[in-house]
Structure formats: C-alpha cells, structure tokens
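> Please find one structure pasted underneath; my questions will follow.
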Amino acid sequence: YVAAVYEHESILNPNPTALVDRQSALELMGRNLDIYEQQVVAAARQGAQIIVFPEDGIHGFNFTRSSIYPYLDFVLYSHSVKWNPCREPYLFNDTEVLQRLSCMALKNKIFLVANLGTKQPCEHTDPHCPSDGRYQFNTNVAFNDDGALVATYRKHNLYFEYAFDTPPEPDYKLFDTPFAGKFGMFTCFDILFFEPAVNLIRQYNLKQVVYPTAWMNQLPLLSAVEFQQAFATAFNINILAANIHHPTLGMTGSGIYTPVKSFIYHNMEGYGGKLIVAEIPVITTDYKTNLEKMPGRVSEKGNEQLPPLFYAEMMYDNFTFVPVWGEKGELQVCANTLCCYLNYWRAVLTDELYALGVFDGLHTVHGTYYVQVCALVKCGGLSFSTCGQEVTDATALIDFQLWGNMSTPYIFPLLLTSGITLDFADHMGWKNNHYFISKNRTSSGLLTAALYGRWYEKD
C-alpha cells in the first residue's frame, strides 16, 4: 500500500501561556490546517491511501491547563455514535478542527490521522474528574476515506504535559482499512512503555501502526528515526511515524518503516516541513531471523592485558565501559545481572575512540523506566570521559557481533550510522538465552550499535 507521513514545522503561538479566545485559537490552528490541506492534496496525488500528521502539529506546545482550553475541540468518546464531522458539522459544538480534518479526508478520498487537543466535560461524581469539571486530552483521531471518524486515542504516557490529563484507563485503539487491514495507534512517549503500545500490538496481533510524535532527539540511543526503526524491527510491524520539525528544540525525524527497510527524514539544518510517500508491503507473515551465525562465548584467554574498565554518563545513566582498541578483539563488560559481549574487526584503524558500555537499572531522568542496555558507541573525543556524548558523524567501518544475557524479551536493536542514517543488521535474535545482533561492514561510519532492552515489570 502507499503511505504518507508529514513532518510539520508548526506555526506556533509566540506566547502559549497567554489566555486567548476561541476565535484567535482557531485562526492560529487554521494556518497549520492550511498547510495540512496542501500536504493531503500532494499525498493523494502521489497515490497515498493514508496520511499521518505529527503530535502537537495543529496547536503547538508549552501551554498551561487554562491557556490551551480555547484550542480544544469536543470529541465524543462513544463507540455507539457514528459521526462524520464534514457531513454533519451541526451535531456538536467546538468541532471546527475535526470538521476540517474530516473534509480533507473526504475530499481527497484518503485515510487521515492527526493529533489535536480535546475536551470532555465530567461530573464531580466521577472520582477522576479534574476540579475544573473537564478532562483535557492529547488525542489522535483517524478518519476513513469518506471523512467518518473511525478511531480516537487519548495519549496515556504524558511527557511533562501539564495542560493534559491521563485517561483513567489506557485506550486500545485500532481502525480497519481495505488496503492493509488493522492499524493501531499511540503517541510519542507511549512507545517506551508496555501500556498501551506493546499490549495493543500483542493483543490484536497488529502489523501496522500510526504514530504521531513530537520527539526531542537524544543521542546516542534515543534519536527518533533510530528508535522508530528499532521498534518496527522488534515487533515485526510497519510504522508510519510523523514527527514535528523544530530543529532548535532538537525535534526532527519521521519515517515509514518496515522491519527490513525504511524511508526516513532527519534534518537538523533546514526549515519547513517534509512529506514522505512510500509504497510498502502489507506484513502478513513473520520474518525469520537467522540464528546460525552466532559465535561461541568469548574464550577466557590467559595472560592477555584486559582493557581497563571505566565509567561515564550516557543518556543520564551511569554506564560501565571498556574501550574498543585495535583492529580486532573480543570484549565483555558486566553490570548487575547483565553481561555484554562484543567480537569486532575493522580493516582500517581510524583515530576515533569507540567503547562497549553496559547499563542495567532504573532510568530516572525525563521519565522513570527500567532499561538493560548493551551499546557499542563512538565517543565524542579521544578521552574516556567523552564516551556517551552525542555524536553525529563517524568514519570507522566495523564488523561486529554484539550479544548479552538480557532478562527481558523486549529488545530494540539500534543501528545508527554517520549523519543520523539507518543501517540494518545481517542477523539478530535469541540464541542460548542471549540476544544478539551482527553486521558485516556498515554502509557508513558506525555511531551506535546497541541492544536496548525494556524490562517493563521493573518500572
């Protein structure tokens, strides 16, 4: 099928905490919706059957609970009511944004997924009801090619979004398409948690996911395109991921991903939006990973000088590292219950320092969640203290096999190369209770090769 995602540079309110009236809010959102409309037309012309827009793309961000209120549309969270906002605009008040999105889908005969702020009045008898008598949700909406509202999803894992409420229960939301079957949806930070993202995919055996996001890149392990690809690979699904484009805030990185190929956009230099349109296969069967190329355990060689252990901060976590020296070698490094092993070989020695790092513990900055990580990374400079820094360019081509005795089945294989480009492992999977990833010769200099494990039960 043909899919489209649009990385949107939002027209932002210069003063988001100021209180404005509904008319002013609609004017600002209308300017963003004008751009959406152009992109829907462009995508439909290229044969796209579905288009996905980013999180916060219509209204922007950094609001307070009261300042966002004029920007919120009313959505009825009821499965019994079938509603087409374009054809039936009179049914509910404060649905101008939904009406425009619905009409774009209808006019262009395309499925459309967008993110907006929504409101829902609640009774004080409801124990969860906020004191101002209303819920405010960060919401994804999906329209079919006739403009009907076919799914609404309320973001569950909020990322410092004080304007919004967490829904009382996680939403498991999917919608059906004639061209690729069922699509599930969740938003941004949700991708790092079991609820509802992982549970949704497992429960409904989903193969397609739409994913609006407003993601701030964090190298070396959580750049948007890097993690989106790893997620598609780990769950053997297609992901249509639309990010917002604000390079000054570190926000870029969208793509259309399959488990074995991707069409991505990552641009920290230029301004303006970017439409990606690609034809991808509907996934019906599981890809088999080849488990035969796995090396044995690292042999314990006597009397060789072991490289020194050192500690450095990476992604705000205290990693234990060993340097990756010389043209080839076998290394291991352990922390808590996790041991990581690396066999490597490089034809040309460059003056770049690489290190093998391990972390097994609770990550506590910008969210709290338990990770197990084995990571081969390029360091920022030549001293140990630079390992774990954000690096975007590298020249070393390294053949490697990386494996670890991970305690969780949820492993996201990361493979990032120079210039924030993606590469794909030759082999990956489980063998002898170890998860491994191997690659002969990356397409360009290696930035990160890692096994990013999420141990959800220990969050």
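The values are calculated or read from the model by the stated rules, or taken from the named source; none is laboratory data. Predicted model, so just to flag it, every value in this text is computed and none were measured. As a convention, Cβ positions derive from the backbone with ideal geometry for all residues, glycine included, and neighbour counts pool all protein chains shown. The accessibility values were calculated without ligands, DNA or RNA, using every heavy atom of the protein model including side chains. Shrake-Rupley method; radii C 1.70, N 1.55, O 1.52, S 1.80 Å.
> Starting from the stretch 206-234, take each residue that is closer than 20 Å to SER10 by Cα and list its partners that are among the aromatic types (Phe, Trp, Tyr) and not in a loop (DSSP other than H, G, I, E, B), counting only C-beta distances under 6 angstrom and pairs at least six apart or across chains.
Filtered contacts from the stretch 206-234: VAL210/PHE183.
> State whether the residues of the stretch 129-144 include one that is hydroxyl-bearing (Ser, Thr, Tyr), open to solvent by less than 10 Å² (accessible area, probe 1.4 Å) and within 30 Å of LEU192 (Cβ to Cβ).
Scanning the stretch 129-144 turns up at least one residue that is hydroxyl-bearing (Ser, Thr, Tyr), open to solvent by less than 10 Å² (accessible area, probe 1.4 Å) and within 30 Å of LEU192 (Cβ to Cβ).
> Kindly provide the set of residues from the stretch 331-348 that are of a type outside the set (S, T, N, Q) and in contact (Cβ under 8 Å) with a residue 40 or more places away in the chain, ordered by number.
Across the stretch 331-348, the qualifying residues are LEU338, CYS339, CYS340, TYR341, LEU342, TYR344, TRP345, ARG346, ALA347, VAL348.
> Does the stretch 378-387 include one or more residues that are open to solvent by 10 Å² or more (accessible area, probe 1.4 Å), in contact with a strand residue (DSSP E or B) (Cβ under 9 Å, 6 or more places away or on another chain), under 20 Å from VAL322 (Cα atoms) and of a type in the set (S, T, N, Q)?
yes
> Further question: So which residues in the stretch 432-451 are open to solvent by less than 10 Å² (accessible area, probe 1.4 Å) and free of Cβ contacts under 8 Å to residues at least 40 places away in the same chain?
ILE437
> Of the residues LEU356, LEU275, LEU362, which is among the hydrophobic types (A, V, I, L, M, F, W, C), surrounded by fewer than 17 Cβ atoms within 10 Å (Cβ to Cβ) and either part of a strand (DSSP E or B) or at pLDDT below 95 (or both)?
LEU362
> Now, a different point. Return the pairs, sorted by first residue and then second, in which the second residue is open to solvent by less than 50 Å² (accessible area, probe 1.4 Å) and not acidic (Asp, Glu), the first residue lies in the stretch 306-330 and is under 18 Å from ALA347 (Cβ atoms) and in a loop (DSSP other than H, G, I, E, B), the beta carbons are less than 7 Å apart, and the residues are 6+ apart or on different chains.
Note: pairs meeting the criteria are TRP325/PRO307; GLU327/ARG346.
> Considering each of GLY429, GLY404 in turn, give the residue that is open to solvent by less than 10 Å² (accessible area, probe 1.4 Å) and either farther than 24 Å from ASN318 by Cα or in contact with a Lys or Arg (Cβ under 8 Å, 6 or more places away or on another chain) (or both).
GLY429
> For the stretch 62-89, what are the residues that are at pLDDT 95 or above and open to solvent by 60 Å² or more (accessible area, probe 1.4 Å)?
ASN62, SER66, TYR69, ARG87
> Condition test on HIS59, is it at pLDDT below 95 and not hydroxyl-bearing (Ser, Thr, Tyr)?
Spelling it out, it is not the case that HIS59 is at pLDDT below 95 and not hydroxyl-bearing (Ser, Thr, Tyr).
Here's the yes/no breakdown for (1) under 26 Å from ASN217 (Cβ atoms); (2) assigned to a strand (DSSP E or B); (3) out of contact with any Phe, Trp or Tyr (no Cβ under 9 Å at 6 or more places or on another chain); (4) not β-branched (Val, Ile, Thr):
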site	(1), (2), (3), (4)
LEU414	yes, yes, no, yes
GLY419	yes, no, yes, yes
MET428	yes, yes, no, yes
PHE436	no, yes, no, yes
SER444	yes, no, yes, yes
ALA450	yes, yes, no, yes
GLY453	yes, yes, no, yes
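> Just name the residue that is most open to solvent (accessible area, probe 1.4 Å) out of those in the stretch 147-164 that are of a type outside the set (S, T, N, Q), within 15 Å of ASP190 (Cβ to Cβ) and assigned to a loop (DSSP other than H, G, I, E, B).
Only one residue tops the list, namely PHE160.
> Which of the residues spanning the stretch 92-127 are assigned to a strand (DSSP E or B) and either open to solvent by less than 30 Å² (accessible area, probe 1.4 Å) or under 22 Å from GLN208 (Cβ atoms) (or both)?
PHE111, LEU112, VAL113, ALA114, ASN115, LEU116, GLY117, THR118, LYS119 - these are the residues of the stretch 92-127 that are assigned to a strand (DSSP E or B) and either open to solvent by less than 30 Å² (accessible area, probe 1.4 Å) or under 22 Å from GLN208 (Cβ atoms) (or both).
> Also, quick follow-up: Taking THR392, is it under 20 Å from the mean Cα position of the chain (by Cα), in contact (Cβ under 8 Å) with a residue 24 or more places away in the chain and open to solvent by less than 30 Å² (accessible area, probe 1.4 Å)?
Considered against the rule, which asks whether it is under 20 Å from the mean Cα position of the chain (by Cα), in contact (Cβ under 8 Å) with a residue 24 or more places away in the chain and open to solvent by less than 30 Å² (accessible area, probe 1.4 Å), THR392 comes out as no.
> What number goes with the only condition from (1) surrounded by 16 or more Cβ atoms within 10 Å (Cβ to Cβ); (2) within 25 Å of the chain's Cα centre (by Cα) that PRO409 does not pass?
The one condition PRO409 does not meet is (1).
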